[in-house]
Amino acid sequence: MEGGEGVGKSTNLQFIQQWLVQHQIPVTVTREPGGTAVAEKIRAVLLERQDEAISEQAELLMMFAARAQHLQNLIKPALQQGQWVLCDRFTDATYAYQGGGRNMDMQTIAWLEQMVQGDLRPDLTLLLDAPIELGMQRAQKRGALDRFEAEQIDFFKRVQQTYLQRAAEHPNRYQIIDASLPLEQVQAQISAVLERLIAQ
């Protein structure tokens, strides 16, 4: 599951988990950056506002360091046990936030993706998309903003643009969900996608 700030990922992650359980599909739910003890420590460094500025290169490498731990110690074992893995953000977020938001080289990200993941890619990416202003209003209601949430509006415009561009490039994997609608309608869209997925 992908999307910018305040699009309702956490709420809908729980909805998808419940949906899969009701359909007797074994599922492991996780998040990025994070998912394992070491990866969660890296997440804390990435999200907390630091006295020392974190360079763009360090940020990118920490994202993939956390992902390497996550894949090795949680995702791959879960897949080997026949579980579905439901992840709150994955490598598409790196393309959107570091590639789009930070204007980092996409080819460098692609190289790191291949190095860390090999040929492993998500089967389905749900992109929750909503107007940036609406998402930021929702994010601000949650309380103190983290290091990413505190970025300028132009940063989030580039993030959103990159997500939509990737969705256009990978139409078989991406499903765009209109997250600006009332929650019931958002979840109806998600249910329809999941129904099609399990019918395949």
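The values are calculated or read from the model by the stated rules, or taken from the named source; none is laboratory data. From a predicted model like this one, the values you see are computed outputs, not experimental measurements. Heads up, the Cβs are rebuilt from the backbone with ideal geometry, glycines too, and the neighbour counts pull from every protein chain shown.
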Original post:
Does segment 104-125 contain at least one residue that is surrounded by 20 or more Cβ atoms within 10 Å (Cβ to Cβ), under 16 Å from Arg31 (Cβ atoms), of a type outside the set (A, V, I, L, M, F, W, C) and at pLDDT 95 or above?
Top reply: yes
**OP:** Go through segment 83-103 and give me each residue that's of a type in the set (Asp, Glu), under 17 Å from Gln165 (Cβ atoms) and not in a helix (DSSP H, G or I).
**Re:** none
Original post:
Just a yes or no: is a residue in segment 52-59 of a type in the set (Val, Ile, Thr), assigned to a helix (DSSP H, G or I) and over 16 Å from the mean Cα position of the chain (by Cα)?
Top reply: no
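If we keep just the residues of segment 139-163 that are in a helix (DSSP H, G or I) and loosely packed, with under 15 Cβ neighbours inside 10 Å, which is modelled with the lowest pLDDT?
To start, the set of residues in segment 139-163 that are in a helix (DSSP H, G or I) comprises 139-141, 153-163.
Next, from what is left, pick out any that are loosely packed, with under 15 Cβ neighbours inside 10 Å: 140-141, 153-154, 157, 161.
Working: Gln140: 66, Lys141: 72, Ile153: 83, Asp154: 90, Lys157: 92, Gln161: 96.
Residue satisfying both the conditions and the ranking: Gln140.
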Original post:
Could you list, in sequence order, the residues of segment 1-50 that are in a strand (DSSP E or B), more than 14 Å from the chain's Cα centre (by Cα) and either more than 19 Å from Gln83 (Cα to Cα) or of a type in the set (Ser, Thr, Tyr) (or both)?
Top reply: Thr28
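Before we move on, is Gln18 surrounded by fewer than 17 Cβ atoms within 10 Å (Cβ to Cβ), out of contact with any strand residue (DSSP E or B) (no Cβ under 7 Å at 6 or more places or on another chain) and within 27 Å of Arg166 (Cα to Cα)? I'd like the intermediate steps shown before the answer.
Working: surrounded by fewer than 17 Cβ atoms within 10 Å (Cβ to Cβ): yes; out of contact with any strand residue (DSSP E or B) (no Cβ under 7 Å at 6 or more places or on another chain): yes; within 27 Å of Arg166 (Cα to Cα): no.
For Gln18, the condition - surrounded by fewer than 17 Cβ atoms within 10 Å (Cβ to Cβ), out of contact with any strand residue (DSSP E or B) (no Cβ under 7 Å at 6 or more places or on another chain) and within 27 Å of Arg166 (Cα to Cα) - is not met.
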Original post:
List the pairs whose first member sits in segment 40-55 and is free of Cβ contacts under 8 Å to residues at least 24 places away in the same chain, whose second member is in a helix (DSSP H, G or I) and acidic (Asp, Glu), and whose Cβ atoms are under 7 Å apart, counting only residues at least 6 apart or on separate chains?
Top reply: none
